Amino acid sequence: MAEEDQGFSGGMQDVSDMKIKCAGCGKDITELPFRPKEDQEVHCTDCFRKKKDEERESRMIDVSGKGIKCASCGKDIEKLPFEPSGDRPVYCSDCYRK
């Protein structure tokens, strides 16, 4: 089967003929990086990012009150996506991005 037949051409595809609405906000979706299956839930860019942010936030562990500070700037760290082991430095999100 050709790569394009599977819906993975690498670029944005015009899906306006499919009359797709965002599952989050109901906005019309006219372009996607894939061709969705009929029963597949699809989100606009804004709702997709919001959903991913919410999923990421739900995996965060509350470490406030444990006295964990950023190894770079010294800022108190309240949430992490993992339980720190204590044998490696931990960075706040700002310093980690640098």
Report, in debye and to the nearest 20, how large the dipole of the chain comes out about its Cα centre when Lys and Arg carry +1 and Asp and Glu carry -1 on their Cβ. 620
Rounded to whole Å and sorted largest first, what semi-axes of the equivalent ellipsoid does the C-alpha gyration tensor of the chain yield via the square root of 5 times each eigenvalue? 41, 15, 12
Relative contact order, percent, of the chain when contacts are C-alpha pairs under 8 Å separated by at least 6 residues? 18
Arranged from highest to lowest average of other beta-carbon atoms within 10 Å per residue, in what order do the peptides 79-88, 47-56 appear? 47-56, 79-88
What residue among I29, F48, V63 has its Cα farthest toward the positive end of the dipole of the chain, where the charges are +1 on Lys, Arg and -1 on Asp, Glu, each on the Cβ? V63
Grab the other residues whose beta carbon is less than 15 angstrom from that of C22, score K and R as +1, D and E as -1, and report the net. +3
Just list whichever of K66/K98; K27/K51; K21/K51 have alpha carbons separated by over 20 Å in the model shown. K66/K98
Quick one: compute a quarter of the convex hull surface over the Cα atoms of segment 4-58 and quote it in nm². 4.3
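Throughout, read-outs are computed from the coordinates displayed, never taken from laboratory work. Quantities reported herein were computed from a predicted structural model and do not represent experimental measurements. With ideal geometry, Cβ positions are generated from the backbone for all residues, glycine too; neighbour counts draw on all protein chains shown.
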